[in-house]
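Presented below is the structure to which this report refers.
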Amino acid sequence: MSAEPHLKLGWREWVGLPKIGIARIKAKIDTGALTSTLHAFEVEEFEFDDKPFVRFKIHPIQRDDEFVTESIAEVIEKRNAPRSKDQQQDRWVIETDLHIGDQKWPIQINLVAREDFMFRMVLGRSAIAGRAMVDPASAFLLGKSWKKNK
């Protein structure tokens, strides 16, 4: 019998990704998604010390397309994934620290243009496996925050 995960999450929570310049972002906790995804646009690839990197922009505040955060991260992997039946989309995978509640650990995140989606971030099950459980009937179990990243 394994120990219960320490964190209990609602279906949406405030998280931080400070290594890429996001103090707080509202994330949908999605156990149906294997990997986590972050809305990113104007993604530009480059090399530094013979390693692949990306420079990208983020709208971290839900329903706010004016405020922009720019970031740089090392690329762990690049995937060509289906966006729709007839379209493919490049997805860059980065690794960064997730801050949630009073805890922090590294996770992998797909960078994808999510302008058509309500949530700018989806936290998938691989990021929380063994660390948290989700109560789909609750939201913001770790606290509400209305502070903007501005």
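The values are calculated or read from the model by the stated rules, or taken from the named source; none is laboratory data. Remember, it's a predicted structure, so these values are computed and weren't measured experimentally. Here the Cβ positions follow ideal geometry from the backbone for every residue, glycine too, while neighbour counts run over all protein chains shown.
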Tally of residues being among the charged types (D, E, K, R) and surrounded by 15 or more Cβ atoms within 10 Å (Cβ to Cβ) across segment 98-130: 3
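If I go through segment 12-31 residue by residue, how many of them are touching a helix residue (DSSP H, G or I) at 6+ places or on another chain (Cβ under 9 Å) and either among the small types (Gly, Ala, Ser) or not in a strand (DSSP E or B) (or both)?
Filtering segment 12-31 down to residues touching a helix residue (DSSP H, G or I) at 6+ places or on another chain (Cβ under 9 Å) leaves 29-31.
Cutting the leftovers down to either among the small types (Gly, Ala, Ser) or not in a strand (DSSP E or B) (or both) gives us 31.
So the answer is 1.
Okay, residues lined up against (1) loosely packed, with under 14 Cβ neighbours inside 10 Å; (2) modelled with pLDDT of 95 or more:
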| position | (1), (2) |
| --- | --- |
| Glu4 | yes, no |
| Trp11 | no, yes |
| Ala23 | no, no |
| Ala27 | no, yes |
| Thr31 | no, no |
| Thr35 | no, no |
| His39 | no, no |
Within segment 59-122, strands (runs of 3 or more DSSP E) holding 3 or more residues that are at pLDDT 95 or above and over 27 Å from Phe140 (Cα atoms): 69-84
Pair list, Cβ < 6 Å and 6+ apart or interchain, from segment 125-146 residues that are assigned to a helix (DSSP H, G or I) to residues that are β-branched (Val, Ile, Thr): Arg125/Thr31; Ser126/Thr35; Ala127/Ile107
Residue pairs meeting the criteria (Cβ under 9 Å; at least 6 apart or on separate chains; first free of Cβ contacts under 8 Å to residues at least 12 places away in the same chain, in segment 33-53; second surrounded by 16 or more Cβ atoms within 10 Å (Cβ to Cβ) and in a strand (DSSP E or B)): Phe46/Phe53; Phe46/Val54; Glu47/Phe53
Top-ranked residue in segment 25-54 [being within 11 Å of the chain's Cα centre (by Cα) and of a type in the set (Lys, Arg); ranked as farthest from Arg131 (Cα to Cα)]: Lys26
